[in-house]
1. Using the structure shown, decide if Lys283 is part of a loop (DSSP other than H, G, I, E, B) and closer than 24 Å to Pro396 by Cα.
2. Would you check which residues across the stretch 227-279 are of a type in the set (Gly, Ala, Ser) and either in a loop (DSSP other than H, G, I, E, B) or over 20 Å from Arg147 (Cα atoms) (or both) and list them?
3. Within the stretch 142-159, is even one residue buried (at least 24 other Cβ atoms within 10 Å of the Cβ), in a loop (DSSP other than H, G, I, E, B) and of a type in the set (A, V, I, L, M)?
4. Looking at this structure, is Thr26 surrounded by fewer than 24 Cβ atoms within 10 Å (Cβ to Cβ) and either in a helix (DSSP H, G or I) or of a type in the set (Ser, Thr, Tyr) (or both)?
5. Go through Phe476, Phe497, Phe519 for me and flag whichever is at pLDDT 95 or above, open to solvent by less than 60 Å² (accessible area, probe 1.4 Å) and either more than 25 Å from His13 (Cα to Cα) or among the β-branched types (Val, Ile, Thr) (or both).
6. Pairs only if they're at least six apart or on different chains, beta carbon under 6 angstrom, first in the stretch 477-502 and within 25 Å of Val430 (Cα to Cα), second open to solvent by less than 50 Å² (accessible area, probe 1.4 Å) and among the acidic types (Asp, Glu); list them, first residue then second.
7. When you check Asp192 against the structure, is it under 20 Å from Ser397 (Cα atoms) and acidic (Asp, Glu), yes or no?
8. Need pairs with beta-carbon distance below 6 Å; first residue at negative phi and within the stretch 222-239, second of a type in the set (Gly, Ala, Ser) and assigned to a loop (DSSP other than H, G, I, E, B); sequence gap 6+ or separate chains.
Amino acid sequence: MRATDTTNPEYFHKVVDCQYACPAHTPVPAYIRLIAQQRYTDAYLINWESNVFPGVLGRTCDRPCEPACRRGRVEEEPVAICRLKRVAADFKDEVAGLLPKAGPPNGKKVALIGAGPASLTVARDLAPLGYELHLYDEQAKGGGFMRSQIPSFRLPESVLDEEIGYILDMGITTVFNTYVDSMADMLTKGYDAVFVGSGAPKGRDLPKLPGRKEADANIHIGINWLANVAFEHIKEIGKRVIVLGGGNTAMDCCRTSRRLGGEDVKVIVRSPFEDMKASPWEKEDAMHEGIPIIDNHVPREFVVEDGKLVGMTFGKVKAVYHRDGRRELVPTGEEPEFFPCDDVLVAIGQENAFPWIEKETGIRFTSWGTPIINDDETFQSTRKEVFFGGDSAFGPSNIITAVAHGHKAAVSIDLYCHGKDLSKRPPPDVTLVGQKMGIHEWSYDSIPITDERKIVPLEDLKKSLSDRMVEVELGFDPETAFIEAERCLNCDAQTVFTDSNCIECDACADICPTSCITFTQNAPEKELRGKLMVPAENAEQDLYVSGKLTTGRVMVKDEDVCLHCGLCAERCPTAAWDMQMFFYNVAKASPNLVDVK
């Protein structure tokens with residue numbers, strides 16, 4: 001293998017597994033260390049720089065970082081990264097004075113259609129550069145699906161208002177209570193660019209299921225129903241409720257139903273429980289509130305008697321998994337099962353809907369209804385001045401993905417408005433700084449601790465079920481947050497090897513607690529992985545390979561199992577090893593919006 005090029009910022013970025021897994025590449029270990037130091041405001045600002053909505057995401061994020069967390073490789077549970085993000089938001093000081101303001105006007109004007117997380121991110125990134133930004137939305141306030149589809153018991157309105165307010169206070173012109181019904185008309189308004197962040201606003205239905213038309217009054221599309229509850233158009237539901245679907249929207253529907261009068265609420269899903277799209281914790285929360293999840297049941301009919309919905313029948317199936325990975329739901333041959341109900345909430349998915357974008361605009365769409373865009377870096381459509389992002393680009397996803405899209409689209413819009421090549425993206429902001437404070441002392445807590453993951457306390461169940469505005473999760477207190485933060489293995493403290501200093505004494509290999517360092521003869525990667533002291537089986541994580549050493553051997557470190565404890569650097573007699581803090585800030589149109597020292 002070739003010697004590892006550690007000057008490539010993406011190498012060490014990939015080693016920080018949690019940050020690499022985050023679509024917005026939030027510097028997770030950096031803000032967790034600040035929480036352990038009770039520097040909550042600084043931790044919040046680091047979050048805000050990359051993910052824009054720390055308080056919102058600290059409650060609602062899908063947590064792609066946590067399955068990637070290295071702590072989960074040495075014990076059962078990863079660090080509670082998401083809930084620590086909320087700690088930064090809960091305990092920060094006033095930050096408004098620390099955030100950037102609108103920059104001097106640059107003469108460019110941009111329309112943002114839809115006030116969800118993608119558009120708000122674009123606005124946040126472009127405002128300091130002096131763009132005149134017009135934000136359109138049919139709702140009375142910004143937030144998009146964060147406001148209309150996430151229940152208040154998960155995301156209090158005050159948190160949403162605060163973090164959206166930080167962006168709107170940057171001089172954004174808001175055009176609320178306005179449904180944009182013509183892209184052709186929008187393109188005549190003199191905008192230099194248009195960003196579409198209107199989400200995936202159409203909920204899927206079961207129009208061909210027998211009884212659907214007759215029972216229409218008591219069948220509700222999940223996302224529309226949640227929006228009507230959020231805006232207080234709906235305040236109650238029948239006592240017996242069936243929720244169809246296995247995603248997070250279905251979990252929000254069933255839990256909201258319990259708070260609006262549903263006494264017998266069931267989630268019924270086609271797939272096996274393990275295959276449901278809902279996050280594991282969302283399923284746990286629903287079951288904690290007494291809501292059963294009945295899997296492997298396919299809807300057959302809405303049963304109507306005397307013109308009124310009385311229940312549904314379902315066919316029982318089992319999942320058969322084929323060698324090519326395809327899953328097939330096969331009928332078991334059992335009799336259909338009947339479940340009585342007063343109302344049904346259909347939460348079986350969402351899809352894009354662009355009836356307001358005319359063909360003559362030159363904006364083209366795929367057969368799936370998603371826009372044809374150049375690539376997932378530029379987000380430019382087939383009409384060069386129109387960009388898409390968030391759910392409107394590729395279909396339903398999550399908040400943090402929409403934020404990542406917003407960052408990239410803002411870069412593209414800035415390049416486009418200045419006549420530059422959209423493919424020439426700005427580099428990330430990267431630093432790599434030594435952490436030595438003494439021969440055996442580092443500027444961070446390098447010794448891994450053995451505490452188990454802390455559980456977030458919940459509000460009393462009776463109280464939370466009686467009022468949909470009562471937040472269920474109470475969050476960590478500072479003491480618990482400190483203990484949880486200390487579980488972080490500081491994966492951004494990189495082990496940096498200087499082969500010219502190495503005398504091949506093997507001291508580092510001897511002391512390594514995970515036996516991730518091996519001195520051996522070089523070989524092709526597959527062979528080399530098998531030759532290590534402990535074979536490196538995770539091919540998705542790189543090997544750190546040195547240049548040729550004096551004996552002709554190379555040093556090989558398996559990045560997959562390194563604990564970043566620094567023992568190799570402490571033991572090394574020649575300083576061939578060093579611990580250097582790696583900080584990676586994703587490329588944005590407005591780099592370094594806040595200053596954290």
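The values are calculated or read from the model by the stated rules, or taken from the named source; none is laboratory data. Given the structure is predicted, the values throughout are model-derived calculations rather than measurements. Counting neighbours? That spans all protein chains shown, and the Cβs are built from the backbone with ideal geometry, glycine included. These area figures cover heavy atoms from the full protein model, side chains too; ligands, DNA and RNA do not enter into them. Shrake-Rupley method; radii C 1.70, N 1.55, O 1.52, S 1.80 Å.
1. Criteria not met by Lys283.
2. Passing the criteria: Gly238, Gly245, Gly246, Gly247, Gly261, Gly262, Ser271, Ala278, Ser279.
3. no
4. The answer is no for Thr26.
5. Working: Phe497 fails: either more than 25 Å from His13 (Cα to Cα) or among the β-branched types (Val, Ile, Thr) (or both); Phe519 fails: either more than 25 Å from His13 (Cα to Cα) or among the β-branched types (Val, Ile, Thr) (or both).
Unique residue meeting the criteria: Phe476.
6. Pairs found: Val496/Asp578.
7. It is false that Asp192 is under 20 Å from Ser397 (Cα atoms) and acidic (Asp, Glu).
8. Gly222/Ala347; Glu236/Gly261; Ile237/Gly261; Ile237/Gly262
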